[in-house]
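**Student:** Quick one: this structure, given as structure tokens, is what I'll be asking you about.
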Amino acid sequence: MCVFCIMCIADVEAYGRQVISVTEGDFVTLNTEVYIQRNDHIKWEFGQNNLCIAEVYENTISLYAGADGRFSDRLDLHWNGSLTITNIRSSDSGDYTVSRIYGSRRTLQMMFRVIVTAPLPVPEIIRNSSQCSSSSSESRCSLVCSAVNVSHVTLSWFKGNSLLSSISVSDLSISLSLPLEVDYQDKNTYSCVLNNPIRNQTTHPDITDLCEACSDSVHCCSFTEAVIRLVLSVLVAVATVAVLVDHFRFMKVEQKMRKHTSPSVP
């Protein structure tokens, strides 16, 4: 445990809190640039309960895993007072405080808020075939860009460098999707971007492959419908001819029967 564990507030020179975002699995270094001098006592604390996680005391660096072992083998305290956390986890999000202590006084205090976000997936673009439409002058289809299990992100469609639409999510880990309707002959450059405060992932759709396929499916469906109608028409015509042929046969038989049954004239 830390050598000095009493919260002292006398003569504290406090600096504003720095907010740092980092991706889960990466590392982060909380830079103090406070070079440790002889007999300095530097202490790092984490969270609302001021959990002591690292300190320099009597020229000795000590690292602490915490009661639950969350920081085990993941901390590195440098001689300039900076603290590095490796293989960072979502549970490492929170406030970190570093103090320089003389006797019973804290003469320096710096605070950091670390926000750990999940790695960004690459957004996926598919064609929404149910939205295909066709007319004599144009063929259009709907593209859908999506990302699953994301939080603290924004999903956006761009045409060149111009923002077309966007949707954001904050705390909850959910799936996002954003549609875009384009002409299948459109030659503009489109991109779907998923970003958070740290980085972004971008996917560029191939309009030719996606949207001409949409147009083809429309023409395919129309052709199929035309074939079905043609087949039905042929069947109706054949049935009609069969009825007429049967009718004429019946008429001929009836005429023959009348000849045989009619009385002879003397």
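The values are calculated or read from the model by the stated rules, or taken from the named source; none is laboratory data. Model, not experiment: these values are computed from the prediction. Note that each Cβ is placed from the backbone with ideal geometry, even for glycine, and that neighbours are counted across all protein chains shown. Side chains included, ligands, DNA and RNA excluded: accessible areas come from the protein's heavy atoms. Shrake-Rupley method; radii C 1.70, N 1.55, O 1.52, S 1.80 Å.
**Student:** Could you pull out every residue, at least 5 positions away or on a different chain, whose amide H is within less than 5 Å of the one on Ser93? Hs are placed 1.01 Å off N in the peptide plane, and Pro or chain starts have none.
**Tutor:** Under 5 Å from the amide H of Ser93: Val116.
**Student:** Run the quick spin-label model on Arg105 and Ser62: label points 7 Å from Cα toward the beta carbon, then report their separation in nm to one decimal.
**Tutor:** Label at Arg105, label at Ser62, 2.4 nm between them.
**Student:** Ser162 versus Ile198, label points 7 Å from Cα toward the beta carbon: distance in nm?
**Tutor:** It works out to 3.4 nm between the two label points.
**Student:** Sticking with this one: Compute the length gained on full extension between Val169 and Thr208: take 0.36 nm times their separation in residues and subtract their Cα-Cα distance, giving the result in nm to one decimal.
**Tutor:** Working it through step by step, the gained length comes to 10.9 nm.
**Student:** Tell me, what HN-Hα J-couplings in whole Hz come from the Karplus equation 6.51 cos²θ - 1.76 cosθ + 1.60 at θ = phi - 60° for each residue of region 58-71, using x for Gly and Pro?
**Tutor:** Going residue by residue, I get 6, 6, 10, 8, 10, 10, 10, 7, x, 4, 9, x, 5, 9 Hz, with x marking Gly and Pro.
**Student:** Same structure again: With all protein chains present, calculate the accessible area of Tyr184 using a 1.4 Å probe and round the result to the nearest 10 Å².
**Tutor:** Ignoring ligands and nucleic acids, Tyr184 comes out at about 50 Å².
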